[in-house]
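Pasting a structure here, questions to come.
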């Protein structure tokens, strides 16, 4: 028995929403980074589901590109986070507040 | 129920026509060579070498872009590499623009590093990657390639924002830019996935053909996908209400990186945005035009009003650049070929204005980007007449003064809006331009008004630049050349705009 694509799409939409909400309310930069990863993977799940439903290979191919981009993004992001928070005790976004109106 | 099974397809590699991506390859190849050479030598190579190399790479990619321009002019637009690259007047215009940015930028980077007393390849290698990303965004005919271009453009910019390790604000800018950038990329990607689901393709031409053949009304997935793509783009160009990262990032980044990111990120994002919305979603114009109407109103007015009350020059310029992004969107909102031409012209001349503006602001900011209050520019015209005059010209051009490129740019987008019967929008944009004149002239007034330059940096500057014959002007030969290049674009095309206007209006999209 196979599961209808709408279930996967709904799951992806929920994962994406969790990522968005998490990024907006969590203050730990590492958790915010994980929320971005969650959003990217929700998009991947959507790609794969549609690819299978449409019987079209390009959605599967897109996922590989996204994986590579996500890895590159983490490299740059962690580099920046380490550079900033080396001098601080924890990676909390609220500690970084020099720039504001 | 899923009944279809993806058939095993024989691996079929597309024919790769390397000349169509030659400008990108030149930038990336130049970047790799620079990095390799810098790693081979134990001692830091001189800044002159790096800056000269990047100028050379920029000239080479400009030549490659002009070759493509010749191809388009003689054979008409075409697609290449499995239809994922579009070479038309539109992409050639952006390839040319990015090449020009790559030629002008190293002059300023050199002056900035000289003042900071820094060596290093990073400030020259990273922009080359960014430039290649912007070029890919401009010539992409495939959503995947646009996404890759967006990331190739953005990732080096995050690093450049955080390059000034001595200042905490720079790290903070890098972190904010990174988090917001990654967030917007993820939103863009989800929009891509939904668009793919609704139309069955990631290729822009195929999406457009599908939408033209099938009358789709009120398809939630398609509309959501398009909306998320729009949000992704609006984040990148910092349109209200997706602008809140930009003042912090502009203020915190090393000033020369700010100028570069303002020019290149806008060029790349607008290129992809215009192609996606004008060439791919023209059948959905009745859905995205009202959205853009609201965005234009918010962006122009909010940018202008908030800029009025800023104390920091870089922050003020960030809001000013939000205001200018609203004007570029105004041409896009009109959804006519005249509107696109006006937006393209605007993006083109704005890149030089903002590069020049931030270069002068960077040099006025003293070592370590320490002094960026507007009041600190008091008496700047007396101590640095050349720099102050240049900054004044760049600022009044942004305000839209006649005989500069800014005037015609504003005139064209507003005329395009009026031709599209968006009278209210044109009036609102003009009101915001009038407000914006206030803060541009305020800086000019502060510089040329009474008062003496009290900045501590003046002796240090004399020391750094005194070796050159231009030392009395307070500029190095590199800085002088860069500013003269930007000034000549601004004034030359202000008096004699026809060639550039023709270039922009003939830069038709392949699928419009």
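Using the count of nearby Cβ atoms within 10 Å as a rough guide to exposure, how do B:70, B:12, B:110 rank from fewest to most? Walk me through the intermediate numbers first.
Details: B:70 11, B:12 6, B:110 27.
Fewest-to-most ranking of B:70, B:12, B:110: B:12, B:70, B:110.
So what's the angle, to the nearest 10 degrees on a 0 to 90 scale, between helix B:89-116 and the longest Cα principal axis of chain B?
Rounded to the nearest ten degrees, it is 30.
In whole percent, what relative contact order does the range B:191-239 give with Cα contacts below 8 Å and a gap of six or more residues?
Values: 32 pairs, mean separation 24.1, N = 49.
In percent, rounded to a whole number, it is 49.
If you build a Gaussian network model of chain A, linking Cα atoms that sit under 10 Å apart, which residue out of A:83, A:62, A:42 swings the most?
Most flexible of the set in this elastic network: A:83.
With contacts defined as alpha carbon pairs under 8 Å and 6 or more residues apart, what's the relative contact order of the range B:64-222 in percent?
It rounds to 17 percent for the range B:64-222.
Taking chain B as the reference, fit the longest principal axis to its C-alpha atoms, fit the long axis of helix B:255-274 to the helix C-alpha atoms, and give the angle between the two in degrees, 0 to 90, nearest 10.
Here the helix axis deviates by roughly 20 degrees.
Could you let me know the centre-to-centre spacing of the range B:21-54 and the range B:215-264, using Cα atoms, in angstrom?
Cα centres, the range B:21-54 to the range B:215-264: 31 Å.
Determine the gain in length on full extension of the stretch residue B:367-residue B:43; use 0.36 nm per residue of separation and subtract their C-alpha separation, reporting nm with one decimal. List each step's numbers first, then the result.
Numbers: separation 324, 0.36 × 324 = 116.64 nm, distance 2.39 nm.
Length gained between residue B:367 and residue B:43: 114.3 nm.
Over chain B, calculate the relative contact order: mean separation of alpha carbon pairs under 8 Å at least 6 apart, over the residue count, as a percent. It would help to have the intermediate numbers written out before the result.
Values: 864 pairs, mean separation 80.0, N = 512.
Dividing the mean separation by the residue count of chain B yields 16 percent.
Residue B:496 to residue B:66: FRET efficiency via 1/(1 + (r/R0)^6), r the Cβ-Cβ distance, R0 25 Å, to the nearest 0.05? Show your work: numbers first, answer last.
Working: r = 20 Å, r/R0 = 0.79.
E between residue B:496 and residue B:66, to the nearest 0.05, is 0.80.
Moving on to the next point. Would you please state which residues of the range A:66-90 a label at residue A:27 would reach in this model, taking the label point 7 Å out along Cα→Cβ and a backbone N cut-off of under 13 Å?
Those under the cut-off are A:90.
Still on this model: Pop the C-beta distance of residue B:308 and residue B:168 into the FRET formula with R0 = 30 Å and round what comes out to the nearest 0.05.
On the way: r = 28 Å, r/R0 = 0.93.
Result of the calculation: an efficiency of 0.60.
Rank the residues B:320, B:383 as a footprinting-exposure proxy: fewest other Cβ atoms within 10 Å of their Cβ go first. Could the numbers behind the result be given before it?
Values: B:320 26, B:383 17.
Listed from fewest to most nearby Cβ atoms, that is B:383, B:320.
Here is a further query. How far apart, in nm, are two points set 7 Å out from the Cα along the Cα-to-Cβ line at residue A:86 and at residue B:445?
In this crude label model, residue A:86 to residue B:445 measures out at 4.6 nm.
Any idea what Rg and Dmax come out to for the protein assembly as shown if you just take the C-alpha atoms, in Å?
23.6, 83
Quote to one decimal, in nm, the extra length available between residue B:434 and residue B:52 on full extension: 0.36 nm per residue of separation minus the C-alpha distance between them. Intermediate values should be presented prior to the final figure.
Details: separation 382, 0.36 × 382 = 137.52 nm, distance 4.08 nm.
Full extension of this stretch gives 133.4 nm more.
Work out the FRET efficiency for residue B:403 and residue A:7 from their Cβ-Cβ distance, taking R0 = 56 Å, and round it to the nearest 0.05. Don't jump to the answer; show the numbers that get you there.
Working: r = 63 Å, r/R0 = 1.13.
After rounding to 0.05, the efficiency reads 0.30.
Which value in nm describes the separation of the simple spin-label points at residue B:213 and residue B:81, placed 7 Å from the Cα toward the beta carbon?
Those two pseudo-labels are separated by 2.7 nm.
What list do you get for B:311, B:176, B:42, B:236 if you sort them by fewest beta carbons within 10 Å?
On the way: B:311 11, B:176 22, B:42 5, B:236 26.
Ascending Cβ contact count within 10 Å gives the list B:42, B:311, B:176, B:236.
How far, in degrees from 0 to 90, does helix B:204-213 lean away from the longest principal axis of the Cα atoms of chain B, to the nearest 10?
40
At 7 Å along Cα-to-Cβ for each site, give me the label-to-label distance between residue A:57 and residue B:19 in nm.
2.9
Readers should treat all values here as calculations from the given coordinates under stated rules, not as data from a laboratory. This structure is a prediction, so every number in the text was calculated from the model and none was measured. So basically every Cβ, Gly included, is an ideal-geometry build from the backbone, and we count neighbours across all protein chains shown.
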